[in-house]
1. Against the longest principal axis of the chain, how steep is helix 41-52, in degrees 0 to 90 to the nearest 10, with axes from Cα atoms?
2. Quick one: accessible area per residue over the range 1-121, 1.4 Å probe, rounded to a whole number of Å²?
3. How much length, in nm to one decimal, is gained on full extension between Arg70 and Arg30, taken as 0.36 nm per residue of separation minus their Cα-Cα distance?
4. Provide Rg over Rh for the range 1-53; use the alpha carbon set for both Rg and the Kirkwood Rh (inverse mean inverse pair distance).
5. Work out, step by step, the length gained on full extension between Ser39 and Ala131: first 0.36 nm times the residue separation, then minus their alpha carbon distance; give nm to one decimal.
6. Return, for the Cα atoms of the chain, the radius of gyration and Dmax in Å, separated by a comma.
7. Within 15 Å, Cβ to Cβ, of Glu116, how many net charges do the neighbouring residues add up to if Lys/Arg are +1 and Asp/Glu are -1?
8. Note down the net charge around Pro152, summing +1 for each Lys or Arg and -1 for each Asp or Glu among other residues with Cβ under 15 Å from its Cβ.
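The values are calculated or read from the model by the stated rules, or taken from the named source; none is laboratory data. Keep in mind it's a predicted model, so treat the numbers as computed, not measured. When we count neighbours, we look across all protein chains shown, and the Cβ atoms used for this are built from the backbone with ideal geometry, even at glycine. Accessible surface areas use protein heavy atoms only, side chains included; no ligands, DNA or RNA. Shrake-Rupley method; radii C 1.70, N 1.55, O 1.52, S 1.80 Å.
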Amino acid sequence: MSEHQGPSAGLTYAEVGATREGRFPPGFGRLRVRTRIGSGPGVFETAADAVLSWRMHRGMGVEITADAPRAEPGVRVVVGLGVGRLRLRAPCRVVWSEDGGRRAGFGYGTLPGHPEHGEEAFVVERAEDGAVWLEVRAFSRPALWWTRAAGPLVPLFQRLYGRWCGVTLRRLVR
């Protein structure tokens, strides 16, 4: 494991940590996708562990290269989407994480080389009635010519990705 840098080191945007409270800074596209995962403390604990240990992402078929086994502030992670030469690699740094009570999750921010500028969070929450939810929230704007050219397709893919996170996490906790 390599030594971690501070959570905001080298990020490509200024609004570090905004996803923790679900804030969306002006000038960015917004994403919020909520999926019910199940109910009860066991489902919450399993879902929280799957999110924080990268197991949800890997269960989606996403390549994850991280310099730590769990999401914690300062951890560098490269997310790989696609296959072969078409694999998109998106470097990020975890800017916040939490694990306790009725909420667990993390947010990571974009580093140079990522096709977007912004932050994305994966938060598992257990409601008062025992229902367990995954919320994927993000704010972003294009960083490269081809993400600008893709225009309205990028938010569509981000929404599909958020829904796939929920479907995958629901499967993993069963």
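1. 20 degrees
2. Values: 5600 Å² over 121 residues.
Value returned for the range 1-121: 46 Å² of accessible area per residue.
3. Net length gain for the segment: 11.8 nm.
4. With Rh from the inverse mean 1/r over Cα pairs, Rg/Rh is 1.07.
5. Details: separation 92, 0.36 × 92 = 33.12 nm, distance 0.42 nm.
Extra length from Ser39 to Ala131 when fully extended: 32.7 nm.
6. 15.3, 46
7. +4
8. +3
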